[in-house]
Amino acid sequence: MVSVFYYGGEIVNELAIKELMRSKEEKRILTSKISGIEDEYYKYKNENISCAIVWYEDIKILIPIQELGISKINKSIIRGMLGAEIDFIIIEIDTISNIAIASRKEAMQLRAKLELSKLKANDIVKVRIIAVGIKHILVELYGKEVIIKANNLQHIFIVNCKDYYTVGEYLKVRIKKIDIENNIFELNSKDFIKNPFKDIRKYIIEKRRIYW
């Protein structure tokens, strides 16, 4: 039999509540997808602020825009992240309204502290696609947001990255450069995609040999 709590008139799975409490008390990282953006009343600061919305089971999680860990704070940036899978750590839980407040920034800092030092150049890893632009994508590499330009994604010329990549997907990449102290990260996914021009060059060379 599944145990449940009744908070704010809603039935909430006990396991989910326990996981949220452990995240708050033990700084444990949780993961979910950004499903929306809303202006919410944030009682701990007594003001309305823009928040990214994620759901954990049937519990609404608010991540204030200042806690998203992004360099440029505006709503258009968050809209571009809709569907992105992100880490977060719970800051507060309001058991009356059945809403929790979380920080992605804290989760990123913890993830980077635990994992980044283990990485080195030429390592192969999977990264989350956080946002997609026309000539680049933004991915998260163990707590660090890294831009991968179009020319490091595929061998062909990419007119628009949005035709090839989607927020929320995982991408296999090779670490070309990594300098944690100076915040330098270069990732490349071309190594895992067949180069169509290789066959063309091979065909041209073989054809020349025949005629020579």
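The values are calculated or read from the model by the stated rules, or taken from the named source; none is laboratory data. The structure presented is a predicted model; accordingly, all values stated were derived computationally and were not measured. Backbone-built Cβ (ideal geometry, glycine too); neighbour counts: all protein chains shown.
What to note about this one:
- Taken over region 179-194, the criterion of being closer than 20 Å to GLY143 by Cβ and more than 19 Å from the chain's Cα centre (by Cα) is satisfied by ASP179, GLU181, ASN182.
- Count of region 98-121 residues which are over 15 Å from LEU68 (Cα atoms) and acidic (Asp, Glu): 1
- Just one of the listed residues (ILE96, ILE78, ILE70, ILE130) is in the same structural domain as TYR164 (by TED's automatic domain parsing) and out of contact with any Pro (no Cβ under 6 Å at 6 or more places or on another chain), and it is ILE130.
- Summed over region 135-172, the residues that are closer than 10 Å to SER189 by Cβ and of a type outside the set (A, V, I, L, M, F, W, C) give a count of 4.
- Qualifying residue in region 141-149 (condition: farther than 13 Å from ILE86 by Cα, modelled with pLDDT of 95 or more, among the basic types (Lys, Arg) and surrounded by fewer than 14 Cβ atoms within 10 Å (Cβ to Cβ)): no
- The set of residues from region 97-116 being more than 14 Å from LEU20 (Cα to Cα), among the polar types (S, T, N, Q) and at pLDDT 95 or above comprises just one member, GLN109.
- Scanning region 65-96 for residues that are within 19 Å of LYS18 (Cβ to Cβ), of a type in the set (D, E, K, R) and modelled with pLDDT of 90 or more yields ASP87, GLU92.
- Residues that are part of a strand (DSSP E or B) and touching a residue at least 60 places away in the same chain (Cβ under 8 Å), drawn from region 100-110: ALA100, ALA102
- Residues that are free of Cβ contacts under 8 Å to residues at least 40 places away in the same chain number at least 2 in the following strands (runs of 3 or more DSSP E) confined to region 111-162: 136-141, 144-149.
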